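Comments concern the structure below.
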Amino acid sequence: MLRTEIAAISSPANLRPSVSDTTLQLSRSELDFVVKGSSELIDRAQLKLAFTSSSQWFAVDFRRASFLILQIFNAQQIIVHDLSQNREEEDGVKVVTVENIKNPYVTQGNFNTRFKLTLNKLYAWSLVSYDRVVMLDADNIFLRNADELFQCGSFCAVFINPCIFHTGLFVLEPSTAVFKDMLHELEIGRANKDGADQGFLVSYFPELLDRPMFHPPANGTKLAGTYRLPLGYQMDASYYYLKLRWSVPCGPNSVITFPSMPSLKPWYWWSWPVLPLGLHWHELRRSTLGYASETPVMLIQAAIYLGLIAVTRLARPSLLKLCYSRRSERTVPFLHALVRAAAAWSVLTAYVLPFLLVPRTAHPVAGWALYALGAASLCSVVVAVFLLPALALMTPLAGALGSLLVMASPWYADGVQRALALFAYACCCAPAVWAAAASTAKSLNGSLERESFSPSRTGESIPMTQSNDKLY
């Protein structure tokens, strides 16, 4: 039976770990909780989060918050981590197994299958042993300590859309009655615009838009009722890309969220420099967990690519000679078409295959470097096999790497200038790429003609030189 995993972490304000550096590993069935620093720094350090969706692990450098709950993609269990428990018992990890909540909206016309299990977030209301729960999606980055969230009321969320609140982060007060009522509403088919947790909760808490803004009491008391959270608790990364800086008046600027298309989530190496904030995500991960799981794979790939370059430089095989060996003239047109198709697919493969082989959660700088090496190595094989000009075949790769430098430049005043610079660069590169493609095609056609009409292929005898005649 499929299940869902939610990681919850509790650290009361008066808690002081007995050790200064504690590490617990997490995969699909474990929790990776990293507390770094001495006990004197617990109250002052900020909360940081880094996550990768591929290997299903994350790191939290976490201080003093009363209770934190994080949802992990494609996971299998509910995990509650409570630092107040006996540290000898798996560092306080408690596993609660639950069944997936059946999603009644799967037949809706606009339903997206990746939201099928998001209703499992509703289980947060069943955690009644805690006063407050903060639910986070995996694509959040904390910029500062946000303990004040635990002072909010029975339900609090951020409106990143003028009329619809976002469920990437919300505060709730666990309640068995509310949880049972939510399950009942699912059974009777409460309206849900997107078939996911957000559509359901927007329908369940329709009055939130008219509720007051949350301002944490200075004395630390917990509020009652529902509140709107300031936009600073769910700063859409899209706001940053327009001005290349944060300009959110509704502070505090605490949490970045990435509600963009799934293929550009920040943990993917190719998201940077297309989306500048992707590098910030990976820097947080580098400073906490590192890249021990990706590094061996990348080193092996790099060694293979370097070996391919060395072999092609020494062997220099030629497919053209093999194709025309002992072939009749009737097969020449067919061979021309076959070789052209093979060359086109080989060039495409040389550029696409290395991209697919780079570990998805690698650091962007290492990922792009490995991709460039892989594309160059496979292009060298294509050059040797089809006798193509190396410079022309590498021109698109050079253009792509140049576009990365244009996007990564830190000197733009805003996102508009960045977009215009990239457009200007593309306009300048387009003629060069077209000329390189034309040169490659011309070189391939020339090689085909030379091979097909050479004396050895047409059956003509090669005349002896005068010096050879004298020998006989």
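Checking Gly446 against (1) over 22 Å from Trp270 (Cα atoms); (2) surrounded by fewer than 17 Cβ atoms within 10 Å (Cβ to Cβ); (3) under 32 Å from the mean Cα position of the chain (by Cα), only one condition comes out false. Which one?
Here Gly446 meets the rest and fails (3).
Taking Gly189 as the residue in question, decide whether it is in contact with a Pro (Cβ under 9 Å, 6 or more places away or on another chain) and under 27 Å from Asn120 (Cβ atoms).
Answer is yes for this residue.
Take Arg360 and tell me if it is assigned to a loop (DSSP other than H, G, I, E, B), farther than 19 Å from Thr312 by Cβ, at pLDDT below 90 and not assigned by TED's automatic domain parsing to the domain that holds Ser238.
Values: assigned to a loop (DSSP other than H, G, I, E, B): yes; farther than 19 Å from Thr312 by Cβ: yes; at pLDDT below 90: no; not assigned by TED's automatic domain parsing to the domain that holds Ser238: yes.
No.
I need the full set of residues from segment 374-398 which are of a type in the set (A, V, I, L, M), more than 14 Å from Thr312 (Cβ to Cβ) and surrounded by fewer than 20 Cβ atoms within 10 Å (Cβ to Cβ), in order please.
Of everything in segment 374-398, those that are of a type in the set (A, V, I, L, M), more than 14 Å from Thr312 (Cβ to Cβ) and surrounded by fewer than 20 Cβ atoms within 10 Å (Cβ to Cβ) turn out to be Leu391, Leu397, Ala398.
Give the residue that is farthest from Tyr268 (Cα to Cα), with candidates limited to residues of segment 97-139 that are at pLDDT 90 or above and of a type in the set (Phe, Trp, Tyr).
Looking at the filtered set, the residue picked out is Trp125.
Go through (1) closer than 30 Å to Asn253 by Cα; (2) loosely packed, with under 14 Cβ neighbours inside 10 Å; (3) touching a helix residue (DSSP H, G or I) at 6+ places or on another chain (Cβ under 9 Å); (4) free of Cβ contacts under 8 Å to residues at least 60 places away in the same chain for Leu172 and report which single condition fails.
(2)
Working only within segment 209-238, note down all residues that are within 32 Å of the chain's Cα centre (by Cα), more than 14 Å from Cys250 (Cα to Cα) and charged (D, E, K, R).
none
For segment 340-357, enumerate the residues that are touching a Phe, Trp or Tyr at 6+ places or on another chain (Cβ under 9 Å), farther than 21 Å from Arg313 by Cβ and of a type in the set (Gly, Ala, Ser).
Ala342
The values are calculated or read from the model by the stated rules, or taken from the named source; none is laboratory data. Values in this document were obtained by computation on a predicted structure and should not be read as measured data. Using ideal geometry, Cβ is built from the backbone for each residue, glycine included, and neighbour counts are taken over all protein chains shown.
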